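Asks: Can you keep this structure in mind? I'll have questions shortly.
The values are calculated or read from the model by the stated rules, or taken from the named source; none is laboratory data. Bear in mind that the values here come from a model prediction, so they are computed numbers and not experimental data. Cβ: placed from backbone, ideal geometry, glycine included. Neighbour counts: every protein chain shown. Heads up: the accessible areas ignore ligands, DNA and RNA and are worked out on the full protein's heavy atoms, side chains in. Shrake-Rupley method; radii C 1.70, N 1.55, O 1.52, S 1.80 Å.
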Amino acid sequence: MPGASARREFERRKAAREKRVRTKNPRLGGLILTLSSEPQSTTSWDTGAIGEERIGRQLNALASDSLRVLHDRRIPGSRSNIDHLVVTANGVFVVDPKRYSGRPSLRVEGGLLRPRVEKLMVDSRNCTKLVDGALKQVELVKGIVDEDVPVRGVLCFVESDWPLFGGAFTTRSIDVLWPKKLYPLLEADGPLDAATIHHTYATLARALPPA
């Protein structure tokens, strides 16, 4: 299920906090919980789960023999997971939804006299680490599928402040876009036939179990 592991972690943290508060304050615990908010370290899991669930529902609606979808796959030997894998006629798309407020943009520094550095910004926040994470997932998937199957990474920003025209960009081979830009990309015609799509899907499902 899309967002399942993030949703479980949110519920686990929420329940653990409630238990701590009620144990420490037997009489006033309920009132304290009502008047206080969950810490950001907890609500971030809920935010992430909502983004994954929203993208996941639409991907499921697009699924067909030529577009196969895997959600919430655990990376063996790690606590990390891959949110969505979409196997299409154009290869495998590693889709990482992000529910951030603000406008994503590409900032390029250096060039002629200094090394060129690309930074993913959301308003004034440097979010380049998201690109680093996406690249690691792409390399992992490349090591699983056949060499002739292309693998492409996507950061899909949900609810961000995108401009009316343009806006999408690519940084270090990772596509940065929004949902309505993503879905046509996945449905485009490509060279892989149905047998290859099915084989690639099955290979990924075996190698990356549900989180």
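Asks: Would you be able to say whether some residue in region 87-94 is touching a Ser or Thr at 6+ places or on another chain (Cβ under 6 Å) and in contact (Cβ under 8 Å) with a residue 40 or more places away in the chain? So that I can check it myself, show each step before the final result.
Replies: Step one: list which residues in region 87-94 are touching a Ser or Thr at 6+ places or on another chain (Cβ under 6 Å), which gives 87, 89.
Among the residues that remain, those that are also in contact (Cβ under 8 Å) with a residue 40 or more places away in the chain are: 87, 89.
So far as region 87-94 goes, yes, one or more of its residues are touching a Ser or Thr at 6+ places or on another chain (Cβ under 6 Å) and in contact (Cβ under 8 Å) with a residue 40 or more places away in the chain.
Asks: How many residues does region 115-136 hold that are open to solvent by less than 80 Å² (accessible area, probe 1.4 Å) and either in a loop (DSSP other than H, G, I, E, B) or out of contact with any Pro (no Cβ under 8 Å at 6 or more places or on another chain) (or both)?
Replies: Number of matching residues: 11.
Residue by residue, here is whether (1) of a type in the set (D, E, K, R); (2) modelled with pLDDT under 95; (3) touching a strand residue (DSSP E or B) at 6+ places or on another chain (Cβ under 8 Å); (4) within 12 Å of F93 (Cβ to Cβ) holds:
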{"residue": "C127", "(1), (2), (3), (4)": "no, no, yes, no"}
{"residue": "A134", "(1), (2), (3), (4)": "no, no, yes, yes"}
{"residue": "E139", "(1), (2), (3), (4)": "yes, no, no, no"}
{"residue": "C156", "(1), (2), (3), (4)": "no, no, yes, yes"}
{"residue": "S160", "(1), (2), (3), (4)": "no, yes, yes, no"}
{"residue": "T171", "(1), (2), (3), (4)": "no, no, yes, no"}
{"residue": "H198", "(1), (2), (3), (4)": "no, no, yes, no"}
{"residue": "T203", "(1), (2), (3), (4)": "no, no, no, no"}
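Asks: Still on this structure, please answer the following. Kindly evaluate D123 against the criterion of being charged (D, E, K, R) and under 30 Å from G190 (Cα atoms).
Replies: No, not satisfied.
Asks: Among the residues of region 46-54, are any open to solvent by less than 50 Å² (accessible area, probe 1.4 Å), among the hydrophobic types (A, V, I, L, M, F, W, C) and touching a residue at least 40 places away in the same chain (Cβ under 8 Å)?
Replies: Yes, that holds for at least one residue.
Asks: Being touching a residue at least 24 places away in the same chain (Cβ under 8 Å) and more than 15 Å from the chain's Cα centre (by Cα) is the filter; apply it to region 168-180 and report the residue that is nearest to C156 (Cα to Cα).
Replies: F169
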